[in-house]
1. Tally the residues that are over 23 Å from residue 130 (Cβ atoms) and out of contact with any helix residue (DSSP H, G or I) (no Cβ under 7 Å at 6 or more places or on another chain), restricting the search to segment 10-33.
2. Quick one: residue 162 ticks every box in (1) within 25 Å of residue 79 (Cα to Cα); (2) part of a loop (DSSP other than H, G, I, E, B); (3) modelled with pLDDT under 60 except a single one, so which number is it?
3. Here's a check for you: in segment 167-187, which residue that is assigned to a helix (DSSP H, G or I) and at pLDDT below 60 is nearest to residue 10 (Cα to Cα)?
4. Is there a residue in segment 39-53 that is more than 23 Å from residue 152 (Cα to Cα), at pLDDT below 80, part of a loop (DSSP other than H, G, I, E, B) and touching a strand residue (DSSP E or B) at 6+ places or on another chain (Cβ under 6 Å)?
5. For segment 65-77, name all the residues that are in a helix (DSSP H, G or I) and surrounded by fewer than 20 Cβ atoms within 10 Å (Cβ to Cβ).
6. Restricting to segment 98-139, and then to whatever is under 18 Å from residue 19 (Cα atoms) and out of contact with any helix residue (DSSP H, G or I) (no Cβ under 6 Å at 6 or more places or on another chain), can you tell me which residue is modelled with the lowest pLDDT?
């Protein structure tokens with residue numbers, strides 16, 4: 001696989017993993033019925049993934065920022081970006097796996113009832129734990145993207161010098177014969 005294809009794959013995986021994480025965290029994972037002392041009717045509260053795995057959403061945005069950083073950095077900067085994206089993916093996996101192992105119903109009930117309900121019956125009326133597993137898969141894809149960047153990213157091409165600040169660009173050698181001789185008089189090598 002060429003370096004250009006590897007860079008495209010890394011950017012695509014980073015974008016895909018971040019998008020899946022952020023999309024799945026925004027969905028309602030549970031609907032909890034709260035019984036209150038004042039009313040007879042139960043109040044239904046939807047609990048989305050961002051409330052159950054609160055750190056995963058911020059780490060999803062870190063992965064999304066990594067997409068831009070991959071294109072803008074060079075050698076050692078890419079290594080740092082790769083390690084950060086890898087850490088964000090691992091953090092998402094740990095946060096969501098903790099939420100899944102704690103029992104999403106119990107965690108969702110405690111989040112829903114902490115919103116001020118006095119007498120929370122705690123009946124989970126509908127559950128969609130597939131969003132949790134999808135978030136977990138997005139975190140794994142993001143971690144794989146970061147690993148690919150950390151291992152192979154220093155070899156990939158960077159943005160051309162036309163994106164550099166004008167003062168940071170190297171001066172172009174003069175194109176005329178007089179310019180070549182003037183550069184030699186100043187001690188510059190016009191062939192480099």
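The values are calculated or read from the model by the stated rules, or taken from the named source; none is laboratory data. Keep in mind that this is a model prediction, so the values were computed, not measured. Glycine gets a Cβ as well: all are built from the backbone with ideal geometry, and neighbour counts include every protein chain shown.
1. Here the count works out to 1.
2. (2)
3. Kept after step one, since they are assigned to a helix (DSSP H, G or I), are these residues of segment 167-187: 167-168, 177-185.
Remaining after also requiring at pLDDT below 60: 167-168.
On the way: 167: 31, 168: 28 Å.
By that ranking, first place goes to 168.
4. Just the residues of segment 39-53 that are more than 23 Å from residue 152 (Cα to Cα), to begin with: 39-53.
Among the residues that remain, those that are also at pLDDT below 80 are: 39-47.
Subset that is part of a loop (DSSP other than H, G, I, E, B): 39-42.
This time we only want the ones that are touching a strand residue (DSSP E or B) at 6+ places or on another chain (Cβ under 6 Å), so: 42.
Yes, because at least one residue in segment 39-53 is more than 23 Å from residue 152 (Cα to Cα), at pLDDT below 80, part of a loop (DSSP other than H, G, I, E, B) and touching a strand residue (DSSP E or B) at 6+ places or on another chain (Cβ under 6 Å).
5. Within segment 65-77, 65, 68, 69, 71, 72, 75, 76, 77 meet the criteria.
6. Residue satisfying both the conditions and the ranking: 130.
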